[in-house]
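Worksheet: one structure, shown below.
The values are calculated or read from the model by the stated rules, or taken from the named source; none is laboratory data. Quick caveat, the model's predicted, so the values are computed rather than measured. Please note: Cβ atoms are built from the backbone with ideal geometry, for glycine as well, and neighbour counts cover all protein chains shown.
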Number of protein chains: 2
Amino acid sequence: MRKKRIKDSKKSREDILRAAEEEFSDKGLYGTRVDEIAKKANINKRMIYEYFGSKENLYKAVLVEVYSRLSQIEIESLKNEGSCTQKIRNIIEVYFKFIRDNPSFVNMVLWENLNKARYFNELDIKAIKDPTITLLRRIIEEGKQNGSFRVDIDTDQIIFSILTFTFSYYSNRYTMSALMRKKLDDDKNIQSRIGYVTDMFLKYMSV
Amino acid sequence: MRKKRIKDSKKSREDILRAAEEEFSDKGLYGTRVDEIAKKANINKRMIYEYFGSKENLYKAVLVEVYSRLSQIEIESLKNEGSCTQKIRNIIEVYFKFIRDNPSFVNMVLWENLNKARYFNELDIKAIKDPTITLLRRIIEEGKQNGSFRVDIDTDQIIFSILTFTFSYYSNRYTMSALMRKKLDDDKNIQSRIGYVTDMFLKYMSV
DNA sequence: ATATTATATAACTAACCAGTTACTTATATG
DNA sequence: CATATAAGTAACTGGTTAGTTATATAATAT
């Protein structure tokens with residue numbers, strides 16, 4: 001027997017959003033059942049439609065939620081002091097760890113890619129992410145000017161590579177773990193991967 | 001009005017599999033409708049159950065199909081002659097182009113990762129992929145011995161990186177195209193990416 | 001205290017969907 | 001030619017699901 005809820009629209013909204021994040025990141029827009037979200041949030045299904053209007057809108061709300069969470073951390077870490085080399089080292093580590101600790105972010109990005117980034121574009125998520133890319137670009141350009149980095153490297157390619165390397169370690173961990181016969185989410189493996197990736201980038205970029 | 005089929009079990013089976021590949025790679029196991037596959041294959045739904053038993057089994061058949069297709073190309077390309085450096089250069093290009101030309105492969109891998117590689121492991125797909133990884137490992141080890149590559153690089157990390165770089169360019173192309181404000185499936189961008197990736201790896205690996 | 005309204009619930013509906021049944025038709029072989 | 005059987009079809013079933021309706025109750029303002 002489910003206990004009755006005390007009336008608290010803010011908490012209800014949060015409960016729904018949290019349950020929806022778990023379900024959508026796990027099963028996607030199609031695979032998720034609205035009834036299941038209601039059950040998990042311990043709330044009547046009707047309330048989901050009260051607060052979010054439709055299953056699709058709820059999905060979009062989850063997408064915005066997970067992306068905002070990343071953006072905050074990114075901006076935080078990019079403000080750190082130190083040499084350009086140190087900043088690159090730092091951002092790779094911060095990314096890796098954020099992604100390790102936020103599997104629902106990874107999954108939502110995968111769902112979006114399978115969906116041809118439909119909601120991603122509808123919501124203009126790139127606006128949320130833009131400050132990070134701009135900052136990364138600035139660090140690399142600064143490194144080129146002060147002689148830390150080679151001037152002939154392609155800034156965009158490097159940014160793209162950093163994002164790819166960190167994200168994909170997790171996004172493909174299930175098939176890759178099987179192929180490489182290694183548990184990729186093992187902490188020891190993560191740490192050595194971070195070291196290797198950082199090393200490779202800096203060797204490539206440095207003068 | 002749909003035209004009647006001539007009796008031809010082999011063709012029917014192929015029609016079903018081809019339609020299923022399109023649907024499953026696009027919409028996943030849950031999102032795909034068996035009726036839709038039947039319609040696309042221009043065949044009665046009953047026949048899908050005749051030949052494949054269940055929706056799930058049909059999905060598995062598609063997974064085996066797309067992986068076998070890659071394996072053939074991989075093994076072919078790895079047999080090529082040339083220096084170790086040339087072989088690495090060659091495999092990166094072959095991978096990139098296979099993946100560009102086989103979007104359903106990319107999608108099936110994404111679906112599997114979202115599904116925690118469930119069918120991938122059930123079917124023991126790693127057995128299909130193993131020869132490739134073994135061959136790649138052999139090339140890198142050979143390069144270390146004959147003095148082309150540094151002996152202190154980690155072979156597994158390099159293999160992992162090569163697979164990641166090629167695959168992820170496509171798997172994340174929709175969100176990344178938005179973020180980088182660039183059409184990643186544009187041929188010019190693909191070509192310059194291949195050049196950059198190859199360059200970076202070889203610079204890192206070479207003595 | 002009472003009226004108002006935001007928040008909550010149970011039960012319903014119309015559409016959908018995987019898998020099945022009961023049946024028909026085309027083709028190959030003796 | 002006859003007939004066995006492989007290949008095909010239409011229509012159904014039982015269960016599920018997104019979204020709705022009608023109604024109840026707790027909090028708040030007056």
Looking across region B:75-102 at residues that are within 10 Å of the chain's Cα centre (by Cα) and free of Cβ contacts under 8 Å to residues at least 60 places away in the same chain, the single one that is farthest from B:SER192 (Cα to Cα) is B:ASN102
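Condition check ((1) buried (at least 17 other Cβ atoms within 10 Å of the Cβ); (2) at pLDDT 90 or above; (3) not in a helix (DSSP H, G or I)) across all residues:
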residue	(1), (2), (3)
B:ASN107	yes, yes, no
B:ARG138	no, yes, no
B:LYS144	yes, yes, no
B:GLY147	no, yes, yes
B:ILE158	yes, yes, no
B:SER177	yes, yes, no
Within region B:109-122, work out how many residues are more than 9 Å from every other protein chain (Cβ to nearest Cβ) and either buried (at least 17 other Cβ atoms within 10 Å of the Cβ) or at pLDDT below 90 (or both).
1
If I ask for residues that are surrounded by fewer than 20 Cβ atoms within 10 Å (Cβ to Cβ), in contact (Cβ under 8 Å) with a residue 12 or more places away in the chain and more than 7 Å from DNA strand C (Cβ to nearest atom), which ones from region A:40-51 would you list?
A:LYS40, A:ASN42, A:TYR51
Which residues, counting only those in region B:180-207, are more than 9 Å from every other protein chain (Cβ to nearest Cβ) and in a helix (DSSP H, G or I)?
B:ASP187, B:LYS188, B:ASN189, B:ILE190, B:GLN191, B:ILE194, B:GLY195, B:THR198, B:LEU202, B:MET205
Selection from region B:1-17 of residues surrounded by fewer than 16 Cβ atoms within 10 Å (Cβ to Cβ) and more than 12 Å from DNA strand C (Cβ to nearest atom) yields B:MET1, B:ARG2, B:GLU14
Please find, among A:ASP35, A:ASP26, the residue that is within 13 Å of DNA strand C (Cβ to nearest atom), outside the structural domain of A:GLU142 (by TED's automatic domain parsing) and modelled with pLDDT of 85 or more.
A:ASP35
Residue in region B:5-49 that is nearest to B:VAL106 (Cα to Cα), counting only those that are more than 14 Å from DNA strand D (Cβ to nearest atom) and among the hydroxyl-bearing types (Ser, Thr, Tyr):
B:SER25
Quick check on my filter: what residues within region A:69-95 are hydroxyl-bearing (Ser, Thr, Tyr) and out of contact with any strand residue (DSSP E or B) (no Cβ under 9 Å at 6 or more places or on another chain)?
A:SER71, A:SER77, A:SER83, A:TYR95
Given (1) among the aliphatic types (A, V, I, L, M); (2) part of a loop (DSSP other than H, G, I, E, B); (3) crowded, with 18+ Cβ neighbours inside 10 Å, index of the condition A:VAL151 fails
(3)
Quick check on region B:158-175: of everything there that is out of contact with any Ser or Thr (no Cβ under 8 Å at 6 or more places or on another chain) and of a type outside the set (Val, Ile, Thr), which residue is farthest from the other protein chains (Cβ to nearest Cβ)?
B:TYR170
Do the conditions hold for A:PHE52, that is, is it near DNA strand D (Cβ under 10 Å from one of its atoms) and either closer than 20 Å to B:LEU114 by Cβ or not aliphatic (A, V, I, L, M) (or both)?
yes
What number of residues within region A:74-105 satisfy the criterion of being assigned to a helix (DSSP H, G or I) and under 18 Å from A:ILE128 (Cβ atoms)?
12
Kindly check whether there is at least one residue in region A:76-92 that is closer than 18 Å to A:SER171 by Cβ, in the same structural domain as A:PHE201 (by TED's automatic domain parsing) and surrounded by fewer than 20 Cβ atoms within 10 Å (Cβ to Cβ).
yes
Hey, can you tell me all the residues within region B:55-75 that are loosely packed, with under 14 Cβ neighbours inside 10 Å and within 16 Å of DNA strand D (Cβ to nearest atom)?
B:GLU56
